[in-house]
Amino acid sequence: MSERVPPIGTLTDRVQLKRREMTGEDEGGHATLFVPVTSIWARVRSLSGRQGTSADGRAVEITHSVVLRFRTDVKPGDRMVYRGRTLDVVSAADLNGRRAYLSCTCSETSFTG
């Protein structure tokens, strides 16, 4: 990651971490549930946005960088909720190799029509 170590006091955004759980259905398939784990302090920054199509509709995809204190339980597929916006974790890596901060790349998709 090319992200710099954040100065003390810059983790000012409250984020709710949700874990992805797979559960079986009576019909034989499976369903995905997102179970709340905890609320954490983080630094959320928008990186880029692009327009495209998804599921036969127009969509906007915005990528975010989320930096938080190091945790071992955050993995791709989990979600973070920030100010009512759902951010899907795409990748999570140790920021500088010292296990102090975790840098996550997240994706947010909004359908526009």
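The values are calculated or read from the model by the stated rules, or taken from the named source; none is laboratory data. Everything numeric in this text was worked out from a predicted model, so none of it was measured. So basically every Cβ, Gly included, is an ideal-geometry build from the backbone, and we count neighbours across all protein chains shown. Side chains included, ligands, DNA and RNA excluded: accessible areas come from the protein's heavy atoms. Shrake-Rupley method; radii C 1.70, N 1.55, O 1.52, S 1.80 Å.
Once you charge only the Cβ atoms, +1 for Lys and Arg and -1 for Asp and Glu, what is the size of the charge dipole of the chain about its Cα centre, to the nearest 20 debye? Working shown, then result.
Details: 17 positive and 13 negative charges, 154 e Å.
Roughly 740 debye for the chain.
Within 10 Å, count the other beta carbons around each residue, average over each peptide in 79-90, 20-31, 40-51, and list them highest first.
Numbers: 79-90: 16.1, 20-31: 8.7, 40-51: 13.7.
The densest-packed peptide leads the list: 79-90, 40-51, 20-31.
Per residue, how much accessible area does segment 10-74 have with a 1.4 Å probe, in Å²?
65
I'd like the carbon and sulfur percentage of the solvent accessible area for the chain, probe radius 1.4 Å, heavy atoms only, ligands and nucleic acids excluded.
The nonpolar share, carbon plus sulfur, comes to 47 percent.
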